[in-house]
Ligand SMILES: [Cu+2]
């Protein structure tokens, strides 16, 4: 008798939910790649945004809730979730998520898992934009893991 009541109740609930328009549900975003944890971020430690610096410009990178790792040796057939390496682009903006970062100017890959360039990057005097962009093991950009800063290189 009790089982019968439960069955009846579930039918009522099913009847209600089927009457609800699906459009009232929050739309689930469907990114091309697995998204990083919401708190993941990447940032310049050196230089700081707006700084006046001297060439060669010392570069240091930081990352939170994301693992900076060397690209595996040999042919990479699959990417490791939550792992990647740094890239710096000079006078260029962040690339859209899911873009392969070119292995050419103005991009530098830190494929060995490094988080700095010392003594630094040669830059001409004047204002420059520096973009720090994470790429996965296939050098593909990941949503949210990019930062652009502006610096001025002194004469
Ligand atoms: Cu790369």
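The values are calculated or read from the model by the stated rules, or taken from the named source; none is laboratory data. Just so we're clear, the structure is a prediction, and the values are computed from it rather than from any experiment. FYI the Cβ positions are ideal-geometry reconstructions off the backbone, even for glycines, and counts take in every protein chain you see.
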(request) Those residues that are closer than 24 Å to residue 79 by Cα and under 16 Å from the mean Cα position of the chain (by Cα), I need them from segment 111-135; list them, please. (result) 111, 113, 115, 131, 132, 133, 134, 135
(message) Going through 120, 126 one at a time, which residue ends up being away from the ligand (no atom under 16 Å from the Cβ), modelled with pLDDT of 95 or more, more than 14 Å from residue 145 (Cα to Cα) and surrounded by fewer than 14 Cβ atoms within 10 Å (Cβ to Cβ)?
(response) 126
(request) Just give me the residues in segment 69-78 being more than 11 Å from the ligand (Cβ to nearest atom) and surrounded by 12 or more Cβ atoms within 10 Å (Cβ to Cβ), in sequence order. (result) 69, 72
(request) Among the numbered conditions (1) crowded, with 17+ Cβ neighbours inside 10 Å; (2) within 17 Å of residue 45 (Cα to Cα); (3) more than 12 Å from the ligand (Cβ to nearest atom), tell me where residue 62 comes up short. (result) (1)
(message) Step by step: first the residues of segment 79-110, then only those that are more than 9 Å from the ligand (Cβ to nearest atom) and over 17 Å from the mean Cα position of the chain (by Cα), then the one that is farthest from residue 151 (Cα to Cα). Which residue is that?
(response) 104
(request) Could you run through segment 129-142 and say how many residues are surrounded by fewer than 18 Cβ atoms within 10 Å (Cβ to Cβ) and part of a strand (DSSP E or B)? (result) 1
